[in-house]
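Worksheet for the structure shown next.
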Amino acid sequence: MRCVICKQGDTAPGLTTVTMTRGESTIVIKNVPADICENCGEYYLSEEISSQILRMAEEAVKRNHEVEVIQFAA
């Protein structure tokens, strides 16, 4: 797939780190499977992976942690 951000690179499967902030909480999820642009590094998540990381982040926010780092597990 051609990257929609830089419009020059193609994407390839890899692992990335996703960081999300909600209120006072920052959630970092490492080793997330994604298609990553070889030129600019922009990542694209599948719908299934997006749903999983959103659930993981929601659970972390419920624990009321200011910063949480999570390893992605399929």
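The values are calculated or read from the model by the stated rules, or taken from the named source; none is laboratory data. What you see is a predicted model, and the numbers here were worked out from it, not measured in a lab. So basically every Cβ, Gly included, is an ideal-geometry build from the backbone, and we count neighbours across all protein chains shown.
Taking Val69, is it in a strand (DSSP E or B), out of contact with any Gly (no Cβ under 8 Å at 6 or more places or on another chain) and either buried (at least 17 other Cβ atoms within 10 Å of the Cβ) or not β-branched (Val, Ile, Thr) (or both)?
Against the criterion (in a strand (DSSP E or B), out of contact with any Gly (no Cβ under 8 Å at 6 or more places or on another chain) and either buried (at least 17 other Cβ atoms within 10 Å of the Cβ) or not β-branched (Val, Ile, Thr) (or both)), Val69 does not qualify.
Restricting the search to the stretch 32-70, which residues are touching a Lys or Arg at 6+ places or on another chain (Cβ under 9 Å) and without any contact (Cβ under 8 Å) to a residue 12 or more places away in the chain?
Selection gives Glu58 alone.
Could you tell me which residue of the stretch 23-37 is surrounded by the most Cβ atoms within 10 Å (Cβ to Cβ), considering only residues that are of a type in the set (Val, Ile, Thr) and within 21 Å of Ile5 (Cβ to Cβ)?
Among them, the one singled out is Ile29.
Just to verify a result, which residue in the stretch 38-58, among those that are in a helix (DSSP H, G or I) and among the hydroxyl-bearing types (Ser, Thr, Tyr), is surrounded by the most Cβ atoms within 10 Å (Cβ to Cβ)?
Restricting to residues being in a helix (DSSP H, G or I) and among the hydroxyl-bearing types (Ser, Thr, Tyr), the top hit is Ser50.
Would you please name the residue that is farthest from the chain's Cα centre (by Cα), looking only at residues in the stretch 1-18 that are surrounded by 13 or more Cβ atoms within 10 Å (Cβ to Cβ) and in a strand (DSSP E or B)?
Thr11
Need the failing condition index for Val61 against (1) surrounded by 11 or more Cβ atoms within 10 Å (Cβ to Cβ); (2) at pLDDT 95 or above; (3) assigned to a helix (DSSP H, G or I); (4) not aromatic (Phe, Trp, Tyr), just the number.
(2)
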